[in-house]
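What follows is calculated from the coordinates using simple rules that are stated; it is not laboratory data. For clarity, every value in this text was computed on a predicted model and none was experimentally measured. Note that we place each Cβ from the backbone using ideal geometry, even for glycine, and neighbour counts take in every protein chain shown.
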Amino acid sequence: MTDLRDKILGCLVGGLLGDAMGAAAEGLHYTFIQRQFGVITELRPHRGLPSGAGTDDSALKHMLCEAIARTAGNVSAAAWAEVWRERMNPREFYPPVASSYYKVTVGRLRAREAGAGNMISNSSAMCIAPIGVINAGDPRRAALEAYEVTSLIHHGPAQDGALAMAAATAAAFAPGADPAAAVAAAVECLDADSELPAAIRTAVDLAQELGDFAAFRAAYYERHLRDWPQLPGEGRSNAVDPRESAPVALALLTLAKGDPNQLALLAANFGRDADTIGAMGGAVAGALRGAAAIRPAWAAAVRNASPVDQDELTDALLAVLQARLTADRTRIQSLLD
């Protein structure tokens, strides 16, 4: 189980690294990043926080980990909402999350119904990696559980990004998995009515065709960005839309060849919702390569800046996964006997 534990820790720390590396470039057009930073090559302070600090992406992920641990893996929208009631300051989160918080705390709405009517955002997809962890090797089950859990924040298209990233993360744990396997799982878990499979194929195919990050970035900006209110005079360029961010995360995973360090740098220098792109792609890359593949200085920086002990989270998720695997084996054997 040592290798499996390293992959779980890699998934958590890889997501943290992508989040923290991209935070300084969040919401920026890549040409503005070039003017302001040149090329981002290191962790940077952001919004008054030190280098290595995560954002709301990681905070939501940590609350989801807590819900998983509390329920021994029987996690639901309601279980996640219970953690929110105890831990969340809604002013620190994006509008759909804050909206759902008030729906379940003030309005006493059923958690599974709280996502109805909320605006589209990356809020569900950016934190879903733990669902992939506890469904390691089973992308379909990961996607189904992601659908249940993320109904707390979203209904409809915004959930598709979460399903795709949960499936990609689960696929990354399979022996011999590579970025192509993660991409395939993300596409295959979605139904024919979803816009996301075509968007993922478009982004990944473009990355493979061009084979170069700068060329991919320029082409994607020119051809495929989602509409969103912009402030070009301030260098602002963003779309907190998983129909853009999840495909870009998987395309960068492809360009980085599954390396979580390279993924974090590419996400930061891509711009747009850079911290979320890094958090999503970094979790998959970390699961593919394991914690041992992450640069020690960067791993130390993000772990030290996190308010949550990543080893404790890793052990909690590993215990849930082990219990699930044991239960599956027992059930299978009982049916075959």
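Here are some notes:
- A Förster radius of 22 Å combined with the Cβ-Cβ distance from D3 to I332 puts the calculated FRET efficiency at roughly 0.40.
- A simple packing score, the average count of other Cβ atoms within 10 Å per residue, orders the peptides 20-32, 129-141, 246-258 as 246-258, 129-141, 20-32, with the highest score first.
- Pair T41, A180: separation of 7 Å Cα→Cβ label points (nm): 3.3
- Per-residue Cβ neighbour rank within 10 angstrom, fewest leading, I153, I128: I153, I128
- Angle between the chain longest axis and helix 213-223 axis [Cα atoms, degrees, rounded to 10]: 90
- Computed from phi, the 3J(HN,Hα) profile of segment 55-60 under the Karplus parametrisation 6.51, -1.76, 1.60 (θ = phi - 60°) reads 10, 4, 4, 6, 4, 5 Hz, with x in place of Gly and Pro.
- With the alpha-carbon atoms of segment 22-100 aligned to their principal axes, the span from lowest to highest coordinate is 47, 25, 20 Å, starting with the largest.
- Reciprocal of mean inverse Cα separation for the chain (Kirkwood radius, Å): 19.3
- FRET efficiency for the A319 to E222 pair, using the beta carbon distance and R₀ = 45 Å, is estimated at 0.45.
- For L28, the residues whose amide H sits under 5 Å from its own are S237, R272, A274, ignoring neighbours fewer than 5 places away on the same chain, with H placed 1.01 Å from N.
- Cα-based shape type of segment 202-326, given that a ≥ b ≥ c are square roots of the gyration tensor eigenvalues and the cut on a/c is 1.5: prolate
- Gap separating the Cα centres of segment 59-103 and segment 156-205, nearest whole Å: 24
- With Cα atoms as the point set, the radius of gyration and Dmax of segment 67-192 evaluate to 14.4, 47 Å.
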